[in-house]
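The values are calculated or read from the model by the stated rules, or taken from the named source; none is laboratory data. Remember, it's a predicted structure, so these values are computed and weren't measured experimentally. Cβ placement follows ideal geometry from the backbone for every residue including glycine, while neighbour counts extend to all protein chains displayed. Accessible surface areas use protein heavy atoms only, side chains included; no ligands, DNA or RNA. Shrake-Rupley method; radii C 1.70, N 1.55, O 1.52, S 1.80 Å.
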Amino acid sequence: GYFASGDAKINQLYHNIIWGQKSNFLDVPTDCPQRDERLGWTGDAQVFARCACYNYDARKFFRKWLRDMSLEQRPNGAIPQIIPRLDWVSCACGWSDAAVIIPWQVYLLYGDRELLARQYLTMKRWIDYMYAQGDDYIHSPKHFGDWLGMDADFEKNRHDCKGGTNIPFLAYAFRAYSTELFVKISKILGMQEHEYADYTQKLAETKECVRAKFFENGMTTIMTQTAHVITLKFRLCEDAYLQAHADRLAQMIRKNGDRLTTGFLGTPYLLHMLTEYGHVDLAYTLLFQREMPSWLYAVDHGATTMWEHWDGIRDDGEIWSSSMNSYNHYAYGAVGDWLYGTVAGIETDEDLPGFEHIRFVPKITEKLSYAKASVKTKYGTVASEWHREGDTVVYTFTVPSGTTATATIGDVEHKLCAGVHQFVS
């Protein structure tokens, strides 16, 4: 992949994402390459997987590591938080769910149906484990929550790492999401309805349980940004209340000085959900935010890779801690898939994955004079670019042979065949 824009700080952010991946994707996706861990943390890998597959041809890398995961799966179906496993590790929502989420993202970016088939039993056993454990899993003290979210109760604990979002809510939410993906994958693999009907029912029951415990009058009672992001991404509320959740999320961000509070589980979906529900300008405001917590705060402090903590170095120069404070930790680099998919506008199609059908959906902003990206696929190079010429915007889309595409400019959708296409608006 390749990305560039008319803003030097955003380009440095992209550079940091790339170098974070380069230095951590060696045999296993390590969370950081420079301190006493260097471990294959599943949560870091799953939030970054989509971006990783835009940046590089990571298909074989993930196929190998997912094989490691299958070998390390416990007899009862549990997926360790770290692959390869260490004796002390357990399961955690959003971490162990990498068993389902990463194969799904690899499928979307490369169309690797065979990988879904190979990992199918691992996914099934993981989901069966979550339901078999019931409340013991939902309320497990081993969950990491919205790791390093900025809405924790820091007055009680300056180094509270689990964020402010209710952890059982997150455990239910990721159980629902993994189950939903498993049902989709079952259909893709041609399973008969009776073979996955039980999981369809479990998904419905999980959502009903979430709504009973954490919602009133259609709205979540958990007043954190991450709770709203996860509600939107996993569609935990009834459809009639999705826009209301997005609007309240936007209000929460503005009330916080146009700053995010999300951690490892909420951040990867934050800008996507704002964009999907009509708040793309606010998404760009967050991208360009320079105050902590933000992506460009680290850039302004000289970062050349991604930081583990939003506040790894505070405004007063004090570091978060002398331990567990990495400056090469790729998880928050997940924003890179929004740079490709929204700023430049190269998106996949769930029905025709691996860029067999390309969706060009760029969302322009006054903050940039241009943006461009390309991705080398098995069909050839897919490219998207837009730039300003006076009062007009010129769009250029490149569609390789053997593929089709649609380009959405404003509210108008254009069908594209192979070749280079240009539009002016």
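Can you bin every Cα-Cα distance in region 261-409 into 10 Å intervals starting at zero and give me the percent of pairs per bin, rounded to whole numbers?
All Cα pairs, binned at 10 Å, distribute as 10, 34, 31, 19, 6, 0 percent.
Taking only C-alpha pairs under 8 Å that are 6+ residues apart, what is the relative contact order of region 142-209 in percent? Present the calculation step by step, with values, prior to reporting the outcome.
Values: 58 pairs, mean separation 17.4, N = 68.
That works out to 26 percent.
When the Debye formula is applied to the Cα atoms of region 318-391, each taken as the same point scatterer, what base-10 log of I(q)/I(0) results at q = 0.14, 0.26 Å⁻¹?
Debye curve over Cα of region 318-391, log10 I(q)/I(0) at q = 0.14, 0.26 Å⁻¹: -0.60, -1.19.
5 Å is the cut-off here: which amide hydrogens, built 1.01 Å from N in the peptide plane, fall below it relative to residue 262, excluding neighbours closer than 5 in sequence?
Those qualifying (amide H under 5 Å, at least 5 residues apart or on another chain) are 150.
Sorted from largest down, what three extents in whole angstroms do the Cα atoms of region 11-67 have along their principal axes?
Result, largest extent first: 34, 28, 17 Å.
With 22 Å as the limit, write out which pairs from 233/367; 22/184; 64/207; 184/233 have Cα-Cα distances beyond it, or answer none.
Violating the 22 Å Cα-Cα cut-off are 233/367; 22/184; 64/207.
If one computes P(r) from the Cα atoms of region 121-185, what percent of pairs lie at distances over 14 Å?
Details: 1282 of 2080 pairs.
Cα-Cα pairs of region 121-185 separated by over 14 Å account for 62 percent.
Using the Karplus curve 6.51 cos²θ - 1.76 cosθ + 1.60 with θ = phi - 60°, work out ³J(HN,Hα) for each residue of region 188-203 in order, rounded to whole Hz, and write x for Gly and Pro.
Running phi through 6.51 cos²θ - 1.76 cosθ + 1.60 with θ = phi - 60° gives 4, 7, x, 5, 6, 4, 5, 6, 10, 4, 4, 6, 4, 5, 5, 4 Hz.
Rounded to whole Hz and in sequence order, give me ³J(HN,Hα) for region 130-140 from the Karplus expression 6.51 cos²θ - 1.76 cosθ + 1.60, θ = phi - 60°, writing x for Gly and Pro.
With coefficients 6.51, -1.76 and 1.60, one gets 4, 6, 5, 6, x, 5, 4, 7, 4, 9, 4 Hz.
Figure the gain on full extension for residue 132 and residue 244 (residue separation times 0.36 nm, minus the Cα-Cα span) and round it to one decimal in nm.
36.9 nm
Rg to Rh ratio, region 217-293, alpha-carbon atoms and Kirkwood radius? Walk me through the intermediate numbers first.
Details: Rg = 11.5 Å, Rh = 12.2 Å.
Using only Cα positions, Rg/Rh for region 217-293 is 0.94.
Report the extension gain between residue 387 and residue 367 in nm, rounded to one decimal, defined as 0.36 nm multiplied by the number of residues separating them, less their alpha carbon distance. Don't skip to the end; give the middle numbers.
Values: separation 20, 0.36 × 20 = 7.20 nm, distance 1.17 nm.
Contour length minus Cα-Cα distance gives 6.0 nm.
As an exercise, use a Förster radius of 30 Å and the Cβ-Cβ distance of residue 35 and residue 71 to find the FRET efficiency, rounded to the nearest 0.05. Intermediate values should be presented prior to the final figure.
Values: r = 26 Å, r/R0 = 0.88.
It comes out at approximately 0.70.
What full-extension length gain, to one decimal in nm, is calculated for residue 304 and residue 27 as 0.36 nm per residue of separation minus the Cα-Cα distance?
Details: separation 277, 0.36 × 277 = 99.72 nm, distance 2.24 nm.
In short, 97.5 nm is gained.
Would you please report the Å³ per residue occupied by the convex hull of the alpha carbon atoms in the chain?
On the way: hull volume 60.9 nm³, N = 425.
With only Cα atoms used, the chain gives 143 Å³ per residue.
Could you give the nm distance between label points at residue 57 and residue 4, where each point is 7 Å from its Cα heading toward the beta carbon?
My value for the distance between the label points is 2.3 nm.
At 1.4 Å probe size, with every protein chain present, just tell me what the per residue accessible area of region 125-275 comes to in Å².
Ligands and nucleic acids excluded, the result is 42 Å² per residue.
Above 14 Å lies some portion of the pair distances; for region 148-203, what is it as a whole percent of all C-alpha pairs? Before the final figure, lay out the partial values.
Numbers: 980 of 1540 pairs.
The share of Cα pairs beyond 14 Å in region 148-203 comes to 64 percent.
Starting from the Cα gyration tensor of region 1-159, take the square roots of the eigenvalues, sort them a ≥ b ≥ c, and report rounded, prolate or oblate (rounded when a/c is under 1.5, otherwise prolate if a/b is larger than b/c, else oblate). Please list the in-between numbers first.
On the way: a/c = 1.90, a/b = 1.18, b/c = 1.60.
Because a/c hits 1.5 or more and a/b fails to exceed b/c, region 1-159 counts as oblate.
Mind checking region 57-129 for chymotrypsin sites (Phe, Trp or Tyr not before Pro) that DSSP puts in a loop (not H, G, I, E or B) and that have at most 13 other Cβ atoms within 10 Å?
Values: sites: 61, 62, 65, 88, 95, 104, 107, 110, 120, 126, 129; in loops: 88, 95.
Those that pass, being in a loop and sparsely packed, are 88.
Sort out the exposed loop GluC sites (Glu not before Pro) in the chain (DSSP loop, at most 14 other Cβ within 10 Å) and tell me the longest stretch that has none.
Numbers: sites that count: 155, 238, 291, 318, 350, 366.
Segment 1-154 is the longest.
Computing the accessible area with a 1.4 Å probe over protein heavy atoms, can you report the carbon and sulfur percentage for region 1-118?
Numbers: 2190 of 4140 Å².
Roughly 53 percent of what the probe reaches on region 1-118 is carbon or sulfur.
Please list 123, 324 from largest to smallest accessible area, probe radius 1.4 Å, with all protein chains kept in place. If you can, show how the numbers build up before the last one.
Working: 123 0, 324 55 Å².
These residues rank, largest area first, as 324, 123.
Which ³J(HN,Hα) values, rounded to whole Hz and listed in residue order, are derived for region 380-394 from phi using the Karplus coefficients 6.51, -1.76 and 1.60 in 6.51 cos²θ - 1.76 cosθ + 1.60 with θ = phi - 60°, glycine and proline given as x?
x, 8, 9, 9, 9, 8, 9, 8, 8, 10, x, 8, 10, 10, 9
What is the set of long-range amide H partners of residue 313 at a cut-off below 5 Å, with H atoms built 1.01 Å from backbone N?
320
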